[in-house]
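What follows is one structure encoded as structure tokens, with my remarks underneath.
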Amino acid sequence: MGLPPQVLKRRIATELRDCGKYLGSDFKFDSEKAEFPIRIDMHMSKVVGYEAPGKATTEHDFYIILTEEYGMQKPEVRWKSGIFHPNIMAPEDGGYVCTKMLDTWDFGTPLLTFLKGVEILVSNPNPMSPFGTESCMEAAKYFSDDSPKFDAEIHYGGSQ
């Protein structure tokens, strides 16, 4: 069981204000009119991701859903813009976003931490744990094959 609705709405209002400060945005949230589930449409820019193999983008659209269990339950995310990523489904496949990065989610985790996690995920795909859709599997292969390669030679005792 989550927080009482009015307390939860105040928490969300506070967290959205904190998100707005970090993002330089003004979230218009009226806790008096709010009803669950709450949908927050987001636009993220200046974060490098891919919309197709080899085609980078820095503009992303998604939405976050907060239920009356928010706090006890992490938010849900759905992607709206084109994306080529093993851990984010294309919108036509449902737009689901892997939130495994927040397995440590607990009651005290703020929404800003969640948004920062989404930001990191976009730029750092994990090809070892893709969704099973065709586009996610293709992205996993792409990012596995296209990852930076390093060669190393080890020297001991100052020899070169």
Exactly one of Y22, Y50 is farther than 19 Å from I83 by Cβ and among the aromatic types (F, W, Y), and that residue is Y22
Which of the residues spanning segment 68-115 are of a type in the set (D, E, K, R), touching a Pro at 6+ places or on another chain (Cβ under 9 Å) and part of a loop (DSSP other than H, G, I, E, B)?
E68, K80
For I88, the lone unmet condition from (1) under 11 Å from the mean Cα position of the chain (by Cα); (2) exposed (fewer than 14 other Cβ atoms within 10 Å of the Cβ) is (2)
Would you be able to say whether some residue in segment 12-34 is farther than 29 Å from N124 by Cβ and of a type in the set (S, T, Y)?
yes
Need the failing condition index for H155 against (1) loosely packed, with under 15 Cβ neighbours inside 10 Å; (2) outside any loop (DSSP other than H, G, I, E, B), just the number.
(2)
All positions within segment 12-22 that are charged (D, E, K, R) and crowded, with 17+ Cβ neighbours inside 10 Å:
E15
May I ask you to list the residues in segment 91-122 that are at positive phi and surrounded by fewer than 17 Cβ atoms within 10 Å (Cβ to Cβ)?
G94
Result of the Cβ filter at 8 Å on segment 45-72, keeping first residues that are within 26 Å of E138 (Cβ to Cβ) and of a type in the set (S, T, Y) and partners that are modelled with pLDDT of 95 or more and not in a strand (DSSP E or B), at least 6 apart or interchain, is Y50/I83; Y50/F84; Y50/A139; T57/S81; T57/G82; Y63/K80
Mind listing whichever residues of segment 49-64 are more than 30 Å from F29 (Cα to Cα) and either of a type in the set (S, T, N, Q) or assigned to a strand (DSSP E or B) (or both)?
Y50, E51, A52, K55, A56
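The values are calculated or read from the model by the stated rules, or taken from the named source; none is laboratory data. The model shown is predicted, which means the values in this text are computed figures rather than measured ones. Using ideal geometry, Cβ is built from the backbone for each residue, glycine included, and neighbour counts are taken over all protein chains shown.
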